[in-house]
Structure formats: C-alpha cells, structure tokens
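Bear in mind these aren't lab numbers, they're just calculated from the coordinates by the rules spelled out. Fair warning: this is a prediction, and the values are worked out from it, not measured in the lab. Because the Cβ atoms are built from the backbone with ideal geometry, glycine has one as well, and the counts that use them run over all protein chains shown.
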Amino acid sequence: MTAPENWQKSSFSGGGDGNNCLELASTPTTLHLRESDTPTTVLTTTPAPLTHLLDAIRAQAL
C-alpha cells in the first residue's frame, strides 16, 4: 500500500526551516504519520489505536 499524497503539517510546527514537524495523511480506513525530516519513514495505523494513545497521553498530562 502506498501512502496518500495529501500530507498536512501539524499546527504546532515551529518556525525555522519548517522541516521538523509531524505530518498526517489519511485514507478512508487508515492514518499515516511521518516526521518531515524523514518523509520515507511512515507509521500507518487506524483511528482507534491512535485515539487510545492520545487519550492516555492526555490522562497523564492532567
């Protein structure tokens, strides 16, 4: 499977050269994540596991 070409940068991307940020792309069933300075390395997951991860991170931040 090939990753989509509609990558979006995180809104938390800082200034500078703009090449050090998280990018996300999606298909109807999967999410693709990559770091902009290594665009050939792509993590592919579905929404449920990513939701669980983000919920756990938020719970630790409280």
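Here are the numbers for this structure:
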{"read-out": "For the range 39-48, Karplus couplings with θ = phi - 60° (6.51, -1.76, 1.60), whole Hz, Gly/Pro x", "value": "x, 7, 9, 10, 9, 10, 8, 10, x, 4"}
{"read-out": "Built amide H within the under 5 Å cut-off of LEU31, gap 5+", "value": "THR45, THR46"}
{"read-out": "Residue-count net charge about LEU43 - beta-carbon cut-off 14 Å; Lys, Arg +1, Asp, Glu -1", "value": "-1"}
{"read-out": "Gain on full stretching of the segment that runs from ASP37 to GLU5 - 0.36 nm per residue minus C-alpha separation", "value": "9.9 nm"}
{"read-out": "Distance (nanometres) between label positions extended 7 Å along Cα→Cβ at ALA56 and THR27", "value": "2.5 nm"}
